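Rule-based calculations on the coordinates, nothing more; no lab input. Computed from a predicted structure; not experimentally measured. FYI the Cβ positions are ideal-geometry reconstructions off the backbone, even for glycines, and counts take in every protein chain you see.
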Amino acid sequence: MRFAVITKDKPGALQLRLDTRDAHVAYLKSSGVVEMAGPFLNEAEEMCGSLVIIEVEDLAAAQTWASNDPYAKAGLFAETRIQAWKKVIG
């Protein structure tokens, strides 16, 4: 089942994101469940959140995956939402 992991960074956390980015990207690549991913940008075109589409067995697996993201472990996110998602185009 596919899930969208949608996050919003804490205010003023750009440096934390940058410091943790390499570990985050390595996690995305090594987990084997990521179909697509990328950051949201604010008005200044700075990264301020993320959208990651994963394919896992169920919501519990999606929650476990999201909690193991180095960004989450570093305390980057003010909000995290996990929503079942159906691919229609692409």
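Here are the numbers for this structure:
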read-out	value
Label-point separation in nm, Lys29 to Glu55, each point 7 Å along Cα→Cβ	2.1 nm
Inter-site label distance for Ile89 and Met36 at 7 Å from Cα along Cβ, in nm	1.1 nm
Per-residue [θ]222 nm for the chain (sum of -39500 (n - 2.57) over DSSP H runs n ≥ 4, rounded to 500)	-10000 deg cm²/dmol
Reported label for calculated volume of the Cα convex hull per residue in Å³ given (1) 97; (2) 162; (3) 87	(1)
Mean Cβ count within 10 Å, highest first, over the residues of peptides 37-48, 1-12	1-12, 37-48
The chain: relative contact order in percent, alpha carbon pairs under 8 Å with at least 6 residues between	50 percent
Cβ-based net charge around Glu35, under 13 Å, with every Lys or Arg adding one and every Asp or Glu removing one	+3
Along each principal axis, Cα extent of the stretch 5-55, largest first, Å	31, 19, 15
Simple Cβ-charge dipole of the chain, Lys/Arg +1 and Asp/Glu -1, about Cα centre, in debye nearest 20	140 debye
For Phe40, distant residues with modelled amide H under 5 Å away	Cys48, Gly49, Ser50, Leu51
Principal-axis tilt of helix 14-31 within the chain, Cα atoms, nearest 10 degrees	20 degrees
Under Karplus coefficients 6.51, -1.76 and 1.60, residue-wise ³J(HN,Hα) of the stretch 80-87 in Hz, glycine/proline x	9, 10, 10, 10, 4, 9, 10, 6
Around Val56: net Lys/Arg minus Asp/Glu count, Cβ-Cβ under 11 Å	-3
Gain in span if fully extended, Arg21 to Gln63, counting 0.36 nm per residue against the direct Cα distance	13.1 nm
